[in-house]
Amino acid sequence: MDLLFFQPQNSIIIKYSMKKIIALTFAVLTLLIVSSSTYAQDVKRPKLVVGIVVDQMRFDYLYKYYSFYGSGGFKRLMNEGSNFTFAHFNYEVTKTAPGHASIYTGTTPFYHG
């Protein structure tokens, strides 16, 4: 039986099959690499939201010292962003952490702790 396996005709079939397997493996790997790099390029970064809360600072100070701000700092935030001049919750006096949580969640400490 071993002699049948090593006949010239069988070795040609084995070489042909190995070439097919190698070519198929190469094609699959190439496809995976190309598709993964294409997917990575299509992913868009999420937009970033930055919230800044300054405790005990009156809103009019932003405008009073506007001429001192650099173009990439508060001046940019004021020109391109949003600011609230009278951000109050109709709620009791709060401490710092619950007050910030109320601003960012839009609800009262009863719900966010």
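The values are calculated or read from the model by the stated rules, or taken from the named source; none is laboratory data. Small disclaimer: the values here were computed from a predicted structure and weren't measured. Cβ sites come from the backbone with ideal geometry, for glycine too, and all protein chains shown count toward neighbours.
If you scan the range 37-60, which residues turn out to be at pLDDT below 75 and outside any loop (DSSP other than H, G, I, E, B)? Hits for the range 37-60 are S37, T38, Y39, A40, Q41, D42.
Scanning the range 61-94 for residues that are modelled with pLDDT of 85 or more and of a type in the set (D, E) gives a single hit, E80. Among the residues of the range 63-78, write down those that are within 19 Å of V49 (Cβ to Cβ) and touching a residue at least 12 places away in the same chain (Cβ under 8 Å). Selection gives F74, L77, M78.
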